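Novice: Below is a structure I'd like to ask you about.
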Amino acid sequence: MRDANRIVAEVLCLMLDTVAPGITTFELDLMAEDLCRKRNSVPAFKGYHGYPSSLCVSLNEEVVHGIPSRKRKLKKGDILSVDFGVCYKGFFGDSAITIPVGKVKHETHQLLKATQKSLELAIEQVVIGNRVSDISRAVQEYVEAKGYSVVRQFVGHGIGSSLHEGPEVPNYIQNRGQSPRLIEGMVIAIEPMVNLGTAKVKILRDGWTVITADKKPSAHFEHSVAVTVDGPVVLSSRDEFLGY
Ligand code: MF3
Ligand code: CO
């Protein structure tokens, strides 16, 4: 799973280097799939419940599951959430980042920073004996204290020899009793989706693209994290590619 997630991290680094005004989301998808196949892995989303592409690319008010398109050209001030997963030797990796295209509005930049920070706080809770709800609480408390809202219709998940496994990892506290405990060897994909406006989302007629109901921007960051005796291990970390 480390190897699978390393490929995902490398592809997201390529996206960080490539995203710029003028490029289409279709071109990004081709580049991601190319690198993925060069690393002897298979894009995990392509064909998943009929999803047509390798990447999910969600622009501005799009929350998740935006479909790459030859007609969508990035422009200065956009934010683009890029979500990517692979299967390598039977194991899955899954990670997402939201990338600013050129200079973005201050409030948009703050939204990205807060969403990334909420993921970091969530990861700190990935400790043997904690419950999934400790992760959910970490995200929700931080995000809502900043005045943003957390998407409820979509959640994080266990990951392993399938892309989506138990347990579900919501980014908000559910009042339905105790959530599962984290046990050694579990790997979970934690993926806060944070809206500048209200939490409400809807799905476009393409059957995939999730957008905010109020059309305000939304950010998404995701890591696949292992539960170990040494604490959280961020399998999809990009550190080794960025040199920090
Ligand atoms: N990272 C997303 C998830 O964990 C990607 C799934 S998109 C799909 O759910 F196309 F594969 F459905
Ligand atoms: Co995921």
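Novice: What accessible area per residue comes out for the stretch 2-236, rounded to a whole number of Å², with a 1.4 Å probe?
Specialist: Spelled out: the 1.4 Å probe surface of the stretch 2-236, per residue, equals 45 Å².
Novice: If you don't mind, there's one more thing I want to ask. How large, in percent, is the carbon and sulfur part of the accessible surface of the chain at a probe radius of 1.4 Å? Write down the numbers at each step before the final one.
Specialist: On the way: 5560 of 11170 Å².
C and S fraction of accessible area: 50 percent.
Novice: To the nearest 500 deg cm²/dmol, what mean residue ellipticity at 222 nm is calculated for the chain from DSSP H runs of n ≥ 4 alone, each contributing -39,500 (n - 2.57), summed and divided by the residues?
Specialist: Roughly -9000 deg cm²/dmol at 222 nm, from the helical runs in the chain.
Novice: Quote the relative contact order of the stretch 1-128 in percent (integer), defining contacts as alpha-carbon pairs under 8 Å separated by 6+ residues.
Specialist: 28
Novice: For SER161 and GLN116 in one chain, what is 0.36 nm times their gap in residues minus the Cα-Cα distance, to one decimal in nm?
Specialist: Working: separation 45, 0.36 × 45 = 16.20 nm, distance 2.65 nm.
The SER161-GLN116 span can extend by a further 13.6 nm.
Novice: Measuring from centroid to centroid over Cα atoms, what is the spacing of the stretch 78-93 and the stretch 147-202 in Å?
Specialist: 17
Novice: Report the relative contact order of the chain, percent, no decimals, based on alpha-carbon pairs under 8 angstrom and at least 6 residues apart.
Specialist: Rounded, it is 23 percent for the chain.
Novice: Once you have a ≥ b ≥ c as the square roots of the Cα gyration tensor eigenvalues for the stretch 2-236, tell me rounded if a/c is under 1.5, and otherwise prolate or oblate according to whether a/b is larger than b/c.
Specialist: In terms of gyration-tensor shape, oblate.
The values are calculated or read from the model by the stated rules, or taken from the named source; none is laboratory data. None of the values given here were measured: they were computed from a predicted structure. Heavy atoms of the whole protein, side chains included, go into the accessibility calculation; ligands, DNA and RNA do not. Shrake-Rupley method; radii C 1.70, N 1.55, O 1.52, S 1.80 Å.
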